[in-house]
There are 4 protein chains.
Amino acid sequence: MTKVAVIYFSGYGHNQKVADAVIEGIKSEGAEALDLKIGQDGGLDDAQLDKIDSAQAIIYGAPTYMGGPAWQFKKFADQSSKKWFTRAWQDKLGGGFTVSASQVGDKGQTMAYLQTLASQHGQIWVSLGLLPSNSLAASEDDLNRRGGSVGLMATAPSDSSPEQAPFKGDLETAKFYGARIAKLAAKFA
Amino acid sequence: MTKVAVIYFSGYGHNQKVADAVIEGIKSEGAEALDLKIGQDGGLDDAQLDKIDSAQAIIYGAPTYMGGPAWQFKKFADQSSKKWFTRAWQDKLGGGFTVSASQVGDKGQTMAYLQTLASQHGQIWVSLGLLPSNSLAASEDDLNRRGGSVGLMATAPSDSSPEQAPFKGDLETAKFYGARIAKLAAKFA
Amino acid sequence: MTKVAVIYFSGYGHNQKVADAVIEGIKSEGAEALDLKIGQDGGLDDAQLDKIDSAQAIIYGAPTYMGGPAWQFKKFADQSSKKWFTRAWQDKLGGGFTVSASQVGDKGQTMAYLQTLASQHGQIWVSLGLLPSNSLAASEDDLNRRGGSVGLMATAPSDSSPEQAPFKGDLETAKFYGARIAKLAAKFA
Amino acid sequence: MTKVAVIYFSGYGHNQKVADAVIEGIKSEGAEALDLKIGQDGGLDDAQLDKIDSAQAIIYGAPTYMGGPAWQFKKFADQSSKKWFTRAWQDKLGGGFTVSASQVGDKGQTMAYLQTLASQHGQIWVSLGLLPSNSLAASEDDLNRRGGSVGLMATAPSDSSPEQAPFKGDLETAKFYGARIAKLAAKFA
C-alpha cells in the first residue's frame, strides 16, 4: 500500500485545514497518509522521524511567517539531517504547501525552501500540475486561484478564523495535490 | 536634481501602466525619471546604458513570463555586464517591479532575480516599505493588496486589457514605491 | 526506448562541456539523448520544441550570467509557453545544470529558475542525489565538490578555456546526474 | 555615533568567527557594534529585540543547515514580527552572512531568506559590493573568493575546527562588508 507522509506545522489552525485537505486527497487514491503534526515547541521526535522512512512520498507544510517557513518546521528540517546523512529519504517523491495572510506575501520564498529541503534529501519534487485560474471572472471557488506552479499555496486573511479561510478553491486544490502525489507515488513505486 | 532610471519591458501594455505609475511617483517628489523602455527585440543600446550612469537610483521592471523575467529584460541584464565590470552602478539605490496574470504566479521568482541583479551591480535595494492589506475586507483599491515586501508586485488577469488592469490599488502602490525610492535617493545622495 | 531531451545554451564552450557530460551519462544507461543546443540569437524553432514532446525527461542547462540564466535560454523558456498552455510536458521528469566563473556566484538563483520552469510545465524535478564532498581534503576531482543538492552546478574560472574547466569532478558529477535522470525516467515510464 | 546590530547564531563556532570579523569591520569605521548572539534554544528576549530599535543598520547571520538558516535564527525572525507590525526597523540598512560546509551548498537560499526578512521589515539591503576573485590563480586568501553578490558567504569544511576555517579570504571579506555597511549607515543617517 502506498504511504505518503505529511509533515506540517499549524500556528492558528489555517494550515491544519490545508493539511487535512491534502490528507483527504491522499486517501481518495486509496493510499495511507502518515499525519505528522509538529507541535508548538517545534521538531519531531526520533520515533516520528523513523516512521517517515517507510513512506514513498513526503509532503512538507509550513505557514509563511516573516517571509519563510515557521521556525517550528525549520527545527524539524534541521533534525532531519540525520536522515540526510544516511540518505534514508533518497528518491522518495516530495511536495509542499504553505499558507499566508497576504495574497502573495512571500509564499514563494517558503515554497523554494520546502523544495530545497526535498533536494537536500535527494527527493523527486512533484509540481502542482494545474493551469492557473487567472481570468477576470475567476473566483475563490476555483482550482489554483493563486496561480501556483511549484506546490500548493493558500491564503487566509489576517482576521479570518480557520472556519472562514482558506477558501474553497484552495482546499479543493489541496485535495487535488494530495491525490496527485499519491497517484504518482503508486506509479513510481 | 535627483535622477531615477526606470528600465522595463512591457509585452502587452500592463507593465507599461505600472512603469508609468512608478514614474509618476518619482516625479511627485520633484525628481527626474529616466524612462528606458526595452523593445520587443530585447536589450538597450550603449547610449541608453551610459545614460543610467548618471542616475542615483535604478528601478528594474519586467513581466513574469514562465516563472521569471521576460527574456527581453534579461538581455538587457546580460548586456549590463560591462557596467558590472567597471562598477559603474555601485552604491546606487535599486528597486523592482513585476506583473503577472496570476494572483501569485511565480512573481517572487522574478522579484528575487531583480534583487540579485541589483546586488551584482553592488547596489542598495529599497524594499516596498508598506504593511500588507490582507484582512477579509481588503479590496483591489487598497495599497499593497498583494502583500509584497521585496518590491512592487501587480496582477493583470489573463483576459484583461491594460485599461482594465492592473487595478487601482496596484497602481497607487506603484506611485508610492516610485516616490519612496526618489525620496531615499535624494536623502542618500 | 527512454528519451531524455537536453536543452542548453553555451556562450563560451564551458557549458557545452557540461552538456556533453550529461548526455554521456544519459547514453551510459542505454537511453537516447535529444541534443538541443540554443544558438546565439536565443530560443528554439517550433520543430525543435515539438521534438521535446516525445521525451520522458527534460534537462535544462544555462550558464549563470549576471545572477541568472543567459537570456538566450530564457527566450526558449518564454517560447515554451505554448507547450505550457497545452500541458504537453506535464509529468515529464526534469533536471537542470549551470556553470559560472565564480565558485558560488549566484548559481543558486539560476538553479531556482530552472526548477521553477519545470514546475510551470507540471514536471517532476530530480535532485542531484549525492552527498557533498566538503572535507578539508576534498579536491576538484571529487564528485559533487560544489555541494549542490537541487541539480548540477559547475565552475569554470573567468580566464579558463573549455579545455581547462569545468574540472574533472564537475564533469563526472554531470555524467552521474545524466545517468540518474535516465534511470529514473525508465523506471517512471 | 552610528550603531550597527549584528544578530547571529553559531552552532559550532565557525559562524561566530565570521560575526567577529564583521564586527571588527564595523568598529574599524568608528561605529558601535551591538553583538546579539542567539543561543542554542533560539530567539532573543524582548529586551534584546528592543535594543535593535536604536541601530541604524541590522546585519543578520545564520549558518546554512539543510538548505536554509538554522532554526534558532528563524525563531528570532518569527519573534521579530512585533517589530514588523510597528515598523520599528523600517528604513534601517540591512545585510547578511552565512557559512556552510560545502563550497556552494545552498548558501544562496539562506541569503535570499535573510534579504527577504530585511524586506519584511521595510529595510534597505546593502549588497557585498565587490567583484569576485574567480581566476584560475585565485586562492583562499583572496577577497570575495566565493564570488558572492547579495551578502557575505563563507565556507568551513565539514571536518574543520573554527581555528582552521573559514579561511583568511572569507574573514577579510567579512571585515570589508562590516565596514561597508557601517560607512553607508553613517552616510545615510
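Annotations for the structure displayed:
- Condition met for B:Phe73 (over 30 Å from A:Gly148 (Cβ atoms), more than 14 Å from chain A (Cβ to nearest Cβ) and not in a loop (DSSP other than H, G, I, E, B)): no
- Residue within segment D:155-168 that is within 22 Å of D:Lys27 (Cβ to Cβ) and assigned to a helix (DSSP H, G or I) present: yes
- Whenever a residue of segment B:19-33 is more than 19 Å from B:Asn144 (Cα to Cα), its partners that are part of a loop (DSSP other than H, G, I, E, B), lying with C-beta atoms within less than 6 angstrom and at least six residues away or across chains, give the pairs B:Ala31/B:Thr2; B:Glu32/B:Met1.
- Count of residues meeting criterion [open to solvent by less than 10 Å² (accessible area, probe 1.4 Å), assigned to a loop (DSSP other than H, G, I, E, B), without any contact (Cβ under 8 Å) to a residue 40 or more places away in the chain and over 17 Å from D:Tyr113 (Cα atoms)] in segment A:91-127: 2
- Pairs are defined by a Cβ separation below 6 Å, a sequence spacing of at least 6 or placement on different chains, a first member in segment C:141-163 that is surrounded by fewer than 18 Cβ atoms within 10 Å (Cβ to Cβ), and a second member that is of a type in the set (Lys, Arg); the pairs so defined are C:Asp141/C:Lys168; C:Pro162/C:Lys17.
- Residue satisfying condition, being open to solvent by 40 Å² or more (accessible area, probe 1.4 Å) and over 16 Å from B:Ile59 (Cβ atoms), within set B:Lys175, B:Lys183, B:Lys168: B:Lys168
- Comparison of C:Ala47, C:Ala88 shows that the only residue that is part of a loop (DSSP other than H, G, I, E, B), of a type outside the set (D, E, K, R) and surrounded by fewer than 24 Cβ atoms within 10 Å (Cβ to Cβ) is C:Ala88.
- Test: B:Gln79 is open to solvent by 20 Å² or more (accessible area, probe 1.4 Å) and within 17 Å of B:Phe188 (Cα to Cα): no
- Residues of segment A:156-189 satisfying the condition of being more than 8 Å from chain B (Cβ to nearest Cβ), polar (S, T, N, Q) and over 12 Å from the mean Cα position of the chain (by Cα): A:Ser161
- Only one entry in A:Lys107, A:Lys82 is under 21 Å from A:His14 (Cβ atoms) and of a type outside the set (S, T, N, Q), namely A:Lys107.
- Cβ-Cβ under 7 Å pairs, at least 6 apart or on other chains, segment D:53-71 side modelled with pLDDT of 95 or more, far side open to solvent by 10 Å² or more (accessible area, probe 1.4 Å) and basic (Lys, Arg): D:Ser54/D:Lys3; D:Ala55/D:Lys3; D:Ala55/D:Lys92; D:Gln56/D:Lys3; D:Gln56/D:Lys92; D:Ala57/D:Lys92; D:Ile58/D:Lys92; D:Trp71/A:Lys75
- The set of residues from segment A:76-89 being among the hydroxyl-bearing types (Ser, Thr, Tyr) and either in contact with a helix residue (DSSP H, G or I) (Cβ under 7 Å, 6 or more places away or on another chain) or more than 7 Å from every other protein chain (Cβ to nearest Cβ) (or both) comprises A:Ser80, A:Thr86.
- The number of residues in segment A:90-126 that are polar (S, T, N, Q), within 14 Å of chain B (Cβ to nearest Cβ) and out of contact with any Asp or Glu (no Cβ under 6 Å at 6 or more places or on another chain) comes to 7.
- Flag for A:Ala137 being at pLDDT 95 or above, open to solvent by 10 Å² or more (accessible area, probe 1.4 Å), under 18 Å from B:Gly68 (Cα atoms) and not polar (S, T, N, Q): no
- Residues (touching a residue at least 40 places away in the same chain (Cβ under 8 Å) and of a type in the set (Lys, Arg)) located in segment A:164-189: A:Lys175, A:Arg180, A:Lys183
- Search result, residues across segment C:128-152 that are touching an Asp or Glu at 6+ places or on another chain (Cβ under 9 Å) and either closer than 18 Å to A:Tyr113 by Cα or more than 9 Å from chain D (Cβ to nearest Cβ) (or both): C:Gly129, C:Glu140, C:Asp141, C:Asp142, C:Leu143, C:Gly147, C:Gly148, C:Ser149, C:Val150, C:Leu152
- Candidate set: segment D:10-42, residues that are open to solvent by 30 Å² or more (accessible area, probe 1.4 Å) and part of a strand (DSSP E or B); chosen: the one nearest to D:Tyr65 (Cα to Cα): D:Lys37
The values are calculated or read from the model by the stated rules, or taken from the named source; none is laboratory data. Since we're looking at a predicted model, the values are computed, not measured. Using ideal geometry, Cβ is built from the backbone for each residue, glycine included, and neighbour counts are taken over all protein chains shown. Accessible surface is based on the protein model in full, side chains and every heavy atom, while ligands, DNA and RNA are left aside. Shrake-Rupley method; radii C 1.70, N 1.55, O 1.52, S 1.80 Å.
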